[in-house]
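Just below is one structure, and these are the notes that go with it.
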Amino acid sequence: MRPVVMGVVNVTPDSFSDGGRYADGPAAVAHGRRLLADGADVLDIGGESTRPGATRPLVSEELDRVVPVIEALAGDGATVSVDTMRSEVAEAALAAGARIVNDVSGGLADPRILDVVAASTATYVAMHWRAHSDRMQDLAVYDEPGGVVVAVARELAERVAGIRAAGIPADRIVLDPGLGFAKRGDHNWELVDGLDRPDGPAGLGLPLLVGASRKSFLGTLLAAPDGTPRPVDERDVASHALTLVLARKGVWGIRVHDVRGTRDVLSVWERTG
């Protein structure tokens, strides 16, 4: 089965992938509509940058960024996801028409977000997370037996227990292994390789959403001879190659920036698979 294609709409001035190109509402709405035309199944609207070292906006800023965009795109009939760690933003986004809450903290940053989702019919995406962007890379240590694959699976299992206890049923939970979050380059490759191991994230028996698009471990892989990483906007071909790997591993969804290219790759995979 073809993975769900989730198109990214970053309504932030400091997005790592687009440099704030869609930071104002009208530009973000127009971008979302282009992604829909390119074949996105879901639009993921976010108002907080989670790149390493990013500072958090005020709650009011995040609300002002995402709610009008969600209202407009949900009003068009799009399936909208809100990318937030905050219960206030999740609540407002669901009221505005979002149907998925994509929480990179898995409920650790703001536990009340679980109650908000439990009181709705929304799908909840819980990512593997250890800390906010300003210190997450300090916690990129995976020394236990089984390394990063086993650690991520174990910590996600702990989050699933908490999510279920809050009243969100298993059929509304999607897991994200959190590539790039509290993980260094080799950790990401090990995690991709081990996603479908019985002791890895897929072994938890829940759908997986993976966001690898344009991330720094791809830039490092494609570095110039002097070690300079490949620029962010020149990583799409590598991102598409990784899409094929993830599709073969049976992931539920892929979170991407270049929707058209992703759909092209998946069309070839479906035709030949």
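Each value in this text was obtained by applying a stated rule to the coordinates, not by laboratory testing. The shown structure was predicted, so the numbers you read here are calculated from the model rather than taken from an experiment. Every residue, glycine among them, receives a Cβ derived from its backbone with ideal geometry; neighbour counts consider all protein chains shown.
Long hydrophobic helices in the chain: the complete DSSP H runs spanning 24 Å or more by Cα along their own axis with mean Kyte-Doolittle hydropathy of at least 0.5 are 147-165. Roughly how many whole Å is it from the C-alpha centroid of the range 177-249 to that of the range 114-140? Spelled out, the Cα-based centre of one part sits 19 Å from the other. Subtracting the Cα-Cα distance of Leu244 and Asp196 from their residue separation scaled by 0.36 nm leaves 15.9 nm.
Restricting the calculation to Cα atoms, every distinct pair contributes to the Kirkwood radius of the chain, found to be 18.6 Å. Here the range 35-117 is described by how far its Cα atoms reach on the three principal axes: 33, 28, 21 Å, from widest to narrowest. In this calculation the C-beta distance from Arg34 to Glu234 is compared with R0 = 22 Å, giving a FRET efficiency of 0.65. Computed extension gain for Glu158 through Met1, at 0.36 nm per residue and net of the alpha carbon distance, reaches 53.7 nm. Per residue, the average separation of C-alpha pairs within less than 8 Å and at least 6 apart gives the chain a relative contact order of 18 percent.
The trypsin sites (Lys or Arg not before Pro) found in the range 103-168 that occupy coil by DSSP, while having at most 14 further C-beta atoms within 10 Å, are Arg135. Rounded to the nearest 20, the Cβ-based charge dipole of the chain about its Cα centre (Lys and Arg +1, Asp and Glu -1) stands at 500 debye.
When the Cα positions of Ala157, Gly39, Met127 are compared along the charge dipole of the chain, Gly39 comes out farthest toward the positive end, with charges on each C-beta of Lys, Arg, Asp and Glu.
Please compute one quarter of the surface area of the Cα convex hull for the range 34-187 and express it in square nanometres. Walk me through the numbers before you get to the answer.
On the way: hull surface 38.1 nm².
Value for the range 34-187: 9.5 nm².
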